[in-house]
Each structure stands twice: as structure tokens, then as C-alpha cells.
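Contents: one structure, followed by commentary.
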Amino acid sequence: MDENTTETQPAETETTATSESDAPVSGNDNTATASTEPVTETEPAVSDGVHLYAGKYDSPEKLEDGYKSQSKYIQELQSKIDEYQKQLETQKEEAEAVKLQEAKNKGFNSVEEHQIAQKVILREFELYANNLDKISPENYDKTITALQNYYATANQAYLNEAKQYFPDELIENIAIEKQNYKNNLTAELRQQTAQAEQKNREQLCLQIETNFKDFLTDVICENQTERNSAKSEALAAMFNLGAIQSIEDMNVFVNLYNSIADKAVKDYVNSQQAQETVNAVKNKSRIAAGNMDIPNKKADINTKEFWDEFYAKVQT
């Protein structure tokens, strides 16, 4: 321990032997103290008599250009990072699509169902492989070959071939254990799926609250009297139907709702204007009480009154 310590410590003469010329100079010598003092924009550094801003630039203009260049570089870097993340997401989606197609080709509805089936095959193989001591010696090799083929191909015919060499009671016990194992895996998958869906819903709701704050002003409010019940019920119905599962879906709903609301307002305004027009026509055609004359009504020449009035005018 002492040996290591002495090797890592500098020699005593090296730490103490300093000349006067090497010693720090106090006073007003800025050149000697520039390397030890912090460099700030308000107190520029000095290099060969030239003030340096941020320890690097000899003028405020160059300092500003440097900041702009750095900001542009950061934006370009962030753009590359975003592009790379999109590429990773695309690759992941493509890989998942390949797995799903493979699962469907084998008769499964999802990748998870395929994975469960594979785990069940492995479990069943292990159960029979762990009980090879129940096999008679003359059938031992044939049983191992059949089980290996079953493991490699998942072909039920190979398993049936191996089963004929095991006791019936063991086959029955393994079948029960296999079914219980499959049920447990299925229950775990359902629970994981439910948890993932709940997490996705929470994240989606948070994104919607952030991105559609103005639209939700009359939906998410403490005062229930200010709450837009029609909009709230429409939004809840769309969620319950599973029609809103992404920000894009919410955009579609908002545009649809706004267009319906605008149309409803226009229809209401048009109906009000139509009613006002009808009322105006009624007012114009209304006859004052006690006056049976109809404005602008032409005389009927087939009446006695018309000819009496006519002859009276001629005689005068």
C-alpha cells in the first residue's frame, strides 16, 4: 500500500522548486490571470491584447453569429434524431407486420396467440422429456426421435407417435397441466393487453387535453353550468365506440363537430331570417280594423257599384 502511494505522489522537489519567474504575478497583469478567471460575455477574455467574447470571439457580432451557427447545428441535429427515430419506428412496424403475417399463415389471429402456442408446445415437450424414465428401454430411442421431431415442427403426428410409449395416466396428467398452463398464459396476455390499453388511453387523453385545449374549454370545466353537454356526450360516444384512438382521429372529430355546429348555427340563423320575412309579409298584408278596402285592389267591372261610380264621373 505504501509502495503504491509513493509511486503516485509527485516528488517533493518538483512541488516545491519554483522560480520567481514561474510564480503567479499579482497586481494588474491581466495576461497572467486570464487563464484562472472565469470568462463571461460582460467581462471578455484577453488574448494578446484583444478582448475575446465567450473566450473565443473578438467582437459581439462574431459572438452573435456563433450563437446562430450553434442554434442551426442543434436544429439540424434534432432533425436527424427525429428522422432516425421515425426510421426505427418504421422498421419496428415492418417487423411486427411480418410476425403477424407469419402467425396468420399458421392459423393464429395475433402474434401473441402464436407465441402462446409456441410456449405450450415447449412446455408439453418438457413434460414428456422429463418423464422418459417411464419408457421401456426398447422404445426409448423411438420416443426421443418422435419428441425431437415434434419440438422442431410442432406436428401433432409426432407427439401422437411418442405418446403411445407413455403410460395412459401420465398422458392424462400432462394434458391437464398443459391446459392449465395455456389458460394462465392467456390470462396474463389479457391482463397485459388491458394494462397497455389503459396506459395508451391515459397518454392519448393527456395529448388531447394539451393539443385541443381551446376545443375542450367547455367540456373540461369546474362549473357544470358552463359545460357543453352536447359536445361532452358526442365526445364520450366516439371514445366508447373506439372511433378516437389517436390524435389524427381527434382532429377528424373536431373538424366534423365544428362543421356540424357551424351548419346548425347557419340553419338557425336562416330560419330566424325566414321567420322575420314571413312576419314582415304578414304585417304588410294586415287590414286595419273597420276598413275593408284592400290596398291596390283593382275594381270589378261586373258589379253595379263600378258602373254607378263610372256614370257619376261621366255626368260630372
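With all pairs of separate Cα atoms included, the stretch 83-219 yields a Kirkwood hydrodynamic radius of 18.8 Å. Annotation: amide H of L52 within the under-5 Å range of A45, V46, S47, sequence separation 5 or more or interchain, hydrogens built in the peptide plane.
Only lysines eight or more places from K266 in sequence, or on another chain, were considered; those with a Cα closer than 19 Å are K231. Counted over the stretch 176-228 with a bin width of 10 Å, the fraction of Cα pairs per bin, in whole percents, is 22, 24, 20, 16, 12, 6. Can you give the net charge of the other residues whose Cβ lies under 12 Å from the Cβ of N131, counting K and R as +1 and D and E as -1? In short, -3. Over 21 Å apart: what share of the alpha carbon pairs of the stretch 73-151 falls there, rounded to a whole percent? Of the Cα pairs, 58 percent sit more than 21 Å apart. Note on K119: lysines with a C-alpha under 20 Å away, same-chain residues under 8 apart excluded, are K99, K104, K106, K163, K178, K182. Over the Cα atoms of the stretch 230-276, each weighted equally, I'd like the Debye log10 I(q)/I(0) at q = 0.15, 0.25 Å⁻¹, rounded to two decimals. The Debye formula, applied to the Cα set alone, gives -0.49, -0.86.
Just so you know, all these numbers are worked out from the coordinates, no wet-lab data involved. These figures come from a predicted structure and were not determined experimentally. Quick reminder, even Gly has a Cβ in these numbers, built from the backbone with ideal geometry, and neighbours come from all protein chains shown.
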